Amino acid sequence: MSATIVTMPLDRAGLRRLKAPALTLILTAFAAMVVGSIFGPAQALNYANINIYGHLPVASYYQGLTIHGVLNGLVFTTFFNTGVLFYFPARELNMRVNTGWIWLAIVVMLFGLALSLTATLSNHATVLYTFYPPLQAVWSFYVGLALVVVGSLMVAAETIRQRLAWKRANPGRITPLVSYMSVVTWILWGLTTIGIVAELVFWLIPWSLGMLKGVDPLLALTLFWFTGHAIVYFWVLPAYISWYALLPREAGGRLVSDTLGRISFLLFLLFSVEVGLHHEAVAPGIAMGWKMEQMVFTFFIVAPSLLTAFTVAASLETAGHARGGRGWIGWLTALPWDDPSVAGQVLAMLTFILGGATGILLASMPNDALVHNTAFIPGHFHVTVGTATALTFIAMSYWLIPHLTGKRLYGRKIALVSVWLWAIGMMGIGVGLMWQGLYGTPRRDWISGIAHDPYVHVVPMAITGIAGVILLAALICFLIVTLGTLFSAAASPSEVPEIPFANAPIDETSRWVRLTDRLGPWTLVAFVLIAAVYGPLLGILIAHQIPVGANTAY
């Protein structure tokens with residue numbers, strides 16, 4: 001074990017300079033979520049056979065679906081993650097950050113958001129968030145999304161540089177847990193974006209500018225899902241950071257194992273990208289062997305997920321017992337359910353169980369083939385991203401925004417209502433859509449004008465529609481709390497929440513801990529695995545392209 005840790009302490013001015021960009025990114029994320037979520041209830045009502053699109057300021061159901069998917073699935077998550085994944089490590093390591101570089105990255109991201117959002121709102125990019133060719137969007141949509149990615153990678157580079165500087169100042173020391181998890185998530189994001197960046201830079205942007213006459217749909221589909229499934233882990237890992245290293249202290253307990261947290265994140269780094277082909281299980285043109293290979297890697301992801309479930313549950317059980325809970329479930333009821341941050345995150349975990357279970361189901365190619373392109377898929381997707389990610393981020397905001405602004409949380413009881421409504425609504429959306437999917441109801445289709453057999457569909461349709469209305473109520477509650485907090489009076493310093501780091505003691509002599517901290521070699525291993533799984537397949541697809549021209553009928 002080495003000598004005393006060397007840090008570069010932040011003075012009060014430095015702390016203000018650090019909070020401002022983090023707050024900008026997080027508020028932009030929630031603004032995108034609110035705008036995108038406005039169209040969520042309309043999607044739910046569509047699946048309840050109720051058409052309200054004639055009353056919305058969009059040209060079609062598909063334009064509303066594109067706005068919903070892009071803002072909620074891509075923009076909200078990327079901006080929020082970028083904010084917390086640089087801010088938390090900077091505070092934990094107590095290192096000065098190049099805030100000028102962070103602000104430049106934010107400008108790049110906001111400019112990209114403006115480009116893509118203008119294209120989407122003007123109905124020149126109604127291609128859904130998956131933007132499969134031959135559907136073609138205007139060039140600004142693709143360039144804008146590319147700039148959002150570029151800006152986030154700029155922040156990633158600064159966070160990684162910050163850890164390297166800390167390691168040089170503290171030779172032989174193990175990276176603190178939140179910083180370790182944040183850097184691993186950033187490395188995963190860099191590897192994840194290879195597919196989408198290649199698709200945008202080499203094919204979609206030149207195609208939208210008229211420099212290419214067409215794009216091979218199968219190649220574009222494969223490059224998209226190279227990123228498209230792995231991005232889910234980029235979305236959810238910041239929630240896992242909170243579950244592991246922040247929530248236990250909020251609940252009054254402690255993290256039971258620092259080592260298991262590191263191992264789980266390392267496994268996500270190694271196995272998250274090599275799984276995209278399970279979204280192409282029924283796609284022709286790709287040999288079954290490639291699909292089987294990636295199906296196996298998809299099951300590898302179960303291990304870090306179960307490690308997380310065990311470790312976080314044990315940490316919360318410790319908190320519950322410390323608060324007087326007894327028995328198998330007494331610890332659960334003893335948790336501080338009156339705290340909207342704790343309640344929201346625990347509800348996110350509980351509802352995520354359904355998402356994880358159906359994820360294991362969909363990892364199997366025969367099962368996936370049964371429900372592919374049905375409403376079952378967005379049902380599963382909403383229970384995972386809508387709870388584990390979105391609900392956790394909402395719950396975190398109830399201490400994070402007061403922390404960044406120095407304001408009191410407005411409407412604590414309303415905040416508590418919001419997380420319960422969100423959990424109930426998302427569970428309803430998940431159950432309703434998956435139920436409809438088992439009957440063969442298609443996904444991403446305007447079905448509200450189609451006649452349905454009431455004896456088959458009436459119950460899941462009703463569940464889906466009611467759930468959409470509940471989610472709208474949850475969104476209104478969230479808006480009331482957030483806006484009320486932003487415009488409330490400043491709190492006294494003692495009332496401003498600090499980051500609830502709940503790190504467990506690190507055994508710096510452990511061979512396993514020291515091995516996990518060597519992120520350079522592990523990144524190389526992850527890259528080699530990705531190259532081995534995707535390299536030959538992409539080489540074949542690139543060598544045998546069949547370009548298809550554009551279909552720009554929005």
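The values are calculated or read from the model by the stated rules, or taken from the named source; none is laboratory data. Here the structure is a predicted model, which is why all the values come from computation and not from measurement. With ideal geometry, Cβ positions are generated from the backbone for all residues, glycine too; neighbour counts draw on all protein chains shown.
Scanning region 84-98 for residues being surrounded by fewer than 21 Cβ atoms within 10 Å (Cβ to Cβ) and among the small types (Gly, Ala, Ser) gives a total of 0. Hey, could you check region 315-329 for residues that are more than 18 Å from residue 245 (Cβ to Cβ) and of a type in the set (A, V, I, L, M, F, W, C) and say which is modelled with the highest pLDDT? This residue is 329.
Kindly provide the set of residues from region 57-82 that are in a loop (DSSP other than H, G, I, E, B) and touching a helix residue (DSSP H, G or I) at 6+ places or on another chain (Cβ under 6 Å), ordered by number. Break it down into steps so the answer makes sense when it comes.
Just the residues of region 57-82 that are in a loop (DSSP other than H, G, I, E, B), to begin with: 57-60.
Scanning region 57-82 gives a single hit, 58.
In region 88-106, which residues are within 14 Å of residue 154 (Cα to Cα) and in contact (Cβ under 8 Å) with a residue 24 or more places away in the chain? Within region 88-106, 97, 98, 99, 101, 102, 103, 104, 105, 106 qualify.
When restricted to residues that are touching a Pro at 6+ places or on another chain (Cβ under 9 Å), hydrophobic (A, V, I, L, M, F, W, C) and either under 27 Å from residue 253 (Cβ atoms) or assigned to a helix (DSSP H, G or I) (or both), region 274-326 contains 4. Taken as a whole, region 446-462 holds at least one residue that is without any contact (Cβ under 8 Å) to a residue 40 or more places away in the chain, outside any helix (DSSP H, G or I) and out of contact with any strand residue (DSSP E or B) (no Cβ under 6 Å at 6 or more places or on another chain).
For region 140-160, does any single residue satisfy the condition of being touching a residue at least 60 places away in the same chain (Cβ under 8 Å), in a loop (DSSP other than H, G, I, E, B) and under 22 Å from residue 219 (Cα atoms)? No: zero hits.
Identify, please: which residue in region 497-519 is in contact with a Leu (Cβ under 6 Å, 6 or more places away or on another chain) and of a type in the set (A, V, I, L, M, F, W, C) and is, among those, surrounded by the fewest Cβ atoms within 10 Å (Cβ to Cβ)?
Taking region 497-519 and keeping what is in contact with a Leu (Cβ under 6 Å, 6 or more places away or on another chain), we get 500, 502-504, 516.
Checking which are of a type in the set (A, V, I, L, M, F, W, C) leaves us with 502, 504.
Details: 502: 22, 504: 19.
Result: 504.
Does residue 504 satisfy the criteria of being of a type in the set (Gly, Ala, Ser) and either over 27 Å from residue 191 (Cα atoms) or in contact with a strand residue (DSSP E or B) (Cβ under 8 Å, 6 or more places away or on another chain) (or both)? Taking the combined requirement at face value, the residue satisfies it.
Among the residues of region 505-523, is any within 19 Å of residue 26 (Cβ to Cβ) and among the small types (Gly, Ala, Ser)? Taking every residue of region 505-523 in turn, none turns out to be within 19 Å of residue 26 (Cβ to Cβ) and among the small types (Gly, Ala, Ser). Filtered by the rule that a residue be surrounded by fewer than 23 Cβ atoms within 10 Å (Cβ to Cβ) and closer than 23 Å to residue 231 by Cβ, region 150-169 gives 150, 153, 154, 157, 158, 160, 163.
Could you check, for region 472-480, whether at least one of its residues is outside any helix (DSSP H, G or I), under 30 Å from residue 253 (Cβ atoms) and at pLDDT 90 or above? Explain how you work it out, then say what you get.
Initial filter on region 472-480 (outside any helix (DSSP H, G or I)): none.
No, region 472-480 has no match at all.
Test residue 204 against the criterion of being touching a strand residue (DSSP E or B) at 6+ places or on another chain (Cβ under 8 Å) and crowded, with 22+ Cβ neighbours inside 10 Å, and give yes or no. Judged against the criteria, residue 204 is a match.
On the basis of being within 29 Å of residue 39 (Cα to Cα) and either surrounded by fewer than 13 Cβ atoms within 10 Å (Cβ to Cβ) or more than 24 Å from the chain's Cα centre (by Cα) (or both), does residue 486 make the cut?
Working: within 29 Å of residue 39 (Cα to Cα): yes; either surrounded by fewer than 13 Cβ atoms within 10 Å (Cβ to Cβ) or more than 24 Å from the chain's Cα centre (by Cα) (or both): yes.
Considered against the rule, which asks whether it is within 29 Å of residue 39 (Cα to Cα) and either surrounded by fewer than 13 Cβ atoms within 10 Å (Cβ to Cβ) or more than 24 Å from the chain's Cα centre (by Cα) (or both), residue 486 comes out as yes.
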